[in-house]
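The values are calculated or read from the model by the stated rules, or taken from the named source; none is laboratory data. Predicted model only: the values in this text are computed from it and were never measured. Neighbour counts are summed over all protein chains in view; Cβ atoms, including those assigned to glycine, are modelled from backbone coordinates with ideal geometry. Heavy atoms of the whole protein, side chains included, go into the accessibility calculation; ligands, DNA and RNA do not. Shrake-Rupley method; radii C 1.70, N 1.55, O 1.52, S 1.80 Å.
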Amino acid sequence: MKIKSLLIIASLFLLSSFSHAQTTKAGVWSAEKANAWYAQHKWINGANFTPSTAINQLEMWQADTFDPQTIDRELGYAEGIGFNTMRVFLHSMAWQQDPKGFKQRVSHYLSIADKHHIQTIFVFFDDCWNPDAKTGKQPEPKLGIHNSGWLQDPGNRIKDAGEMLLLQKYVTDVLTTFKHDKRILLWDLFNEPGNSSKNNASLPLLTQIFSWARTVNPDQPISAGLWDWSLEKLNAFQLTHSDVITYHDYEEPDKHERVVQILKANGRPVICTEYMARLRNSTFENTMPMLKKECAVLEYLFIKKILI
């Protein structure tokens, strides 16, 4: 990792310390509360999970293609290799089709996961991959193309205040329904805000979803992961408004570990929600031991995908 990147990370923590009193007033958990929450859990390891029969979030959650049999079988595989948490992406358009049915399917998923002793991190918004989601039948996978059918949410759909109000209703409804559900570990409000060349254009939506979540005030912590150290405005907001710190890192273990050590200086639990890039020498074999070691001083582990 470049020295400049490390300096950017360090500067974010100076900002975090300076603004601590203000963010606490805004409803952010104290470091003491966050660490007490963390202490209730043994070392958590898992993956981002989508069943093998779903190309994207809509195919996972729409009524016609929701596949509890495959979910049950594959979460059984996850349990069998020691995983105890899954990070799972939702999609607002699946909720818009049928809010009641969508929430029933979410609850069904949680029941299956709980049977396998697996907690869930749910993700609301996402700036990665295809921007124009459509309900109904989803495209077939493209051979050899990673995440060929994955969807942004809301993608290009925010065009007026009415669309923003619909997103608010979606987030508020889901959070209110499951705010006391102990099967949910954490709410990851926004995956990689600013990706797909959106940069700071994603800051208004990021700000809004944190505000909506604070209004609901779920029992579970809320967060949005740091992922690109050059996005200073987004990073500063994510860092100072998250109850626990989440992040992505696809570098080799020695560089990754330096990021972990700097992030821990904030005194909050630190959760890696994505890693593993073989071409960058970030593998299960060399990164998992480092993250397990860091667990002794506040660290969680997630791998990028379950390999069936």
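The set of residues in segment 121-139 being part of a loop (DSSP other than H, G, I, E, B) and either open to solvent by less than 10 Å² (accessible area, probe 1.4 Å) or touching a helix residue (DSSP H, G or I) at 6+ places or on another chain (Cβ under 9 Å) (or both) consists of ASP127, ALA133, LYS134, THR135, GLY136, LYS137, GLN138. Scan segment 65-80 for residues that are free of Cβ contacts under 8 Å to residues at least 40 places away in the same chain, part of a helix (DSSP H, G or I) and in contact with a Ser or Thr (Cβ under 8 Å, 6 or more places away or on another chain) and jot them down. The one that is free of Cβ contacts under 8 Å to residues at least 40 places away in the same chain, part of a helix (DSSP H, G or I) and in contact with a Ser or Thr (Cβ under 8 Å, 6 or more places away or on another chain): THR70.
Tell me whether segment 257-264 contains one or more residues that are surrounded by 17 or more Cβ atoms within 10 Å (Cβ to Cβ) and touching a Lys or Arg at 6+ places or on another chain (Cβ under 9 Å). Yes, segment 257-264 contains at least one residue that is surrounded by 17 or more Cβ atoms within 10 Å (Cβ to Cβ) and touching a Lys or Arg at 6+ places or on another chain (Cβ under 9 Å). Do we find that ASP228 is out of contact with any Cys (no Cβ under 6 Å at 6 or more places or on another chain), closer than 29 Å to ALA161 by Cβ and in a strand (DSSP E or B) in this structure? Against the criterion (out of contact with any Cys (no Cβ under 6 Å at 6 or more places or on another chain), closer than 29 Å to ALA161 by Cβ and in a strand (DSSP E or B)), ASP228 does not qualify.
Flag set for ASP153, criterion: open to solvent by less than 10 Å² (accessible area, probe 1.4 Å), in contact with a His (Cβ under 9 Å, 6 or more places away or on another chain) and under 25 Å from ALA213 (Cβ atoms). Filtering segment 216-240 to residues that are open to solvent by 30 Å² or more (accessible area, probe 1.4 Å), out of contact with any Gly (no Cβ under 9 Å at 6 or more places or on another chain) and more than 23 Å from VAL260 (Cα to Cα) leaves only ASP219.
Segment 1-64 holds helices (runs of 4 or more DSSP H) entirely within its bounds, and those carrying 3 or more residues that are at pLDDT 90 or above and open to solvent by less than 40 Å² (accessible area, probe 1.4 Å) map to 31-39, 57-61. A single member of LYS182, LYS142, LYS159, LYS169 is in a helix (DSSP H, G or I) and of a type in the set (D, E, K, R), and it is LYS169. For ILE184, the conditions (1) open to solvent by 50 Å² or more (accessible area, probe 1.4 Å); (2) within 23 Å of GLU274 (Cβ to Cβ) all hold with the exception of (1). For segment 98-107, the set of residues classified as exposed (fewer than 15 other Cβ atoms within 10 Å of the Cβ) and in contact with a Phe, Trp or Tyr (Cβ under 9 Å, 6 or more places away or on another chain) consists of SER107 only.
Within segment 230-241, residues that are free of Cβ contacts under 8 Å to residues at least 40 places away in the same chain sit with their Cβ atoms under 7 Å from residues that are in a helix (DSSP H, G or I) and not aromatic (Phe, Trp, Tyr), at 6+ positions apart or across chains, in these pairs: LEU231/ASN199; LYS233/ASN200; LYS233/LEU203; PHE237/LEU203; PHE237/LEU206; PHE237/THR207.
One residue alone among THR176, THR172, THR207 is open to solvent by 50 Å² or more (accessible area, probe 1.4 Å), over 26 Å from TRP229 (Cβ atoms) and touching a helix residue (DSSP H, G or I) at 6+ places or on another chain (Cβ under 9 Å), and that residue is THR176.
From ILE158, ILE112, ILE118, which residue is open to solvent by 60 Å² or more (accessible area, probe 1.4 Å), over 20 Å from THR215 (Cα atoms) and either modelled with pLDDT of 95 or more or not small (Gly, Ala, Ser) (or both)? If you could, list the steps in order and put the result at the bottom.
Working: ILE112 fails: open to solvent by 60 Å² or more (accessible area, probe 1.4 Å); ILE118 fails: open to solvent by 60 Å² or more (accessible area, probe 1.4 Å).
Just one listed residue meets the conditions, ILE158.
Scanning segment 192-200 turns up at least one residue that is touching a residue at least 12 places away in the same chain (Cβ under 8 Å), more than 16 Å from GLN152 (Cβ to Cβ) and either part of a helix (DSSP H, G or I) or out of contact with any Gly (no Cβ under 8 Å at 6 or more places or on another chain) (or both). Would you please name the residue that is nearest to GLN96 (Cα to Cα), looking only at residues in segment 68-83 that are open to solvent by 30 Å² or more (accessible area, probe 1.4 Å) and out of contact with any helix residue (DSSP H, G or I) (no Cβ under 6 Å at 6 or more places or on another chain)? Checked segment 68-83; the qualifying residue nearest to GLN96 (Cα to Cα) is GLN69.
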